[in-house]
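Encoded as structure tokens, the structure appears first; notes follow it.
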Amino acid sequence: MTASGGGFTNVSKDKVFPGYQIPFAKAIKEQTGILTGAVGMITEAEQANDIIANGDADLVIIAREHLRDPYFAINSARALGVETEIPWQYKRAY
């Protein structure tokens, strides 16, 4: 299950901040035991890693940040010190 409002309502900007929907994912996971995905302005590798490491969610879904940085997954792995094979199609970009 993914804990997301889906962007269907106009939320006040003061209520939208990095990780603002994480408490919902954590509550669903704790109260139901369902594997839970987290969303909500997750834009940094460390932030995503912490969500999993802290047990707040089982999966982190990166949405808008993938639009801004299509290589977010590869760049995040590098930022976290994880060696990853670059797909041959992308090697010219690195």
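The values are calculated or read from the model by the stated rules, or taken from the named source; none is laboratory data. Nothing here was measured: the structure is a model prediction, and the numbers come from that model. With ideal geometry, Cβ positions are generated from the backbone for all residues, glycine too; neighbour counts draw on all protein chains shown. Note: accessible area is taken over every heavy atom of the protein model, side chains too, but ligands, DNA and RNA are not part of it. Shrake-Rupley method; radii C 1.70, N 1.55, O 1.52, S 1.80 Å.
Which residue pairs have Cβ atoms closer than 9 Å, lie 6 or more positions apart in sequence or on different chains, and pair a first residue in the range 36-63 that is on the phi > 0 side of the Ramachandran plot with a second residue that is of a type in the set (A, V, I, L, M, F, W, C) and assigned to a helix (DSSP H, G or I)?
Filtered contacts from the range 36-63: Gly40/Ile22; Gly40/Phe24; Gly40/Ala25.
In the range 69-94, what residues are within 24 Å of Ile42 (Cα to Cα) and not in a loop (DSSP other than H, G, I, E, B)?
Phe72, Ala73, Ile74, Asn75, Ser76, Ala77, Arg78, Ala79, listed by residue number.
Filter the range 15-61 down to the residues that are open to solvent by 20 Å² or more (accessible area, probe 1.4 Å), in a strand (DSSP E or B) and touching a helix residue (DSSP H, G or I) at 6+ places or on another chain (Cβ under 7 Å) and list them by number.
Val60
Give the number of residues within the range 4-23 that are modelled with pLDDT of 65 or more and either at positive phi or hydrophobic (A, V, I, L, M, F, W, C) (or both).
Adding up the residues that qualify gives 5.
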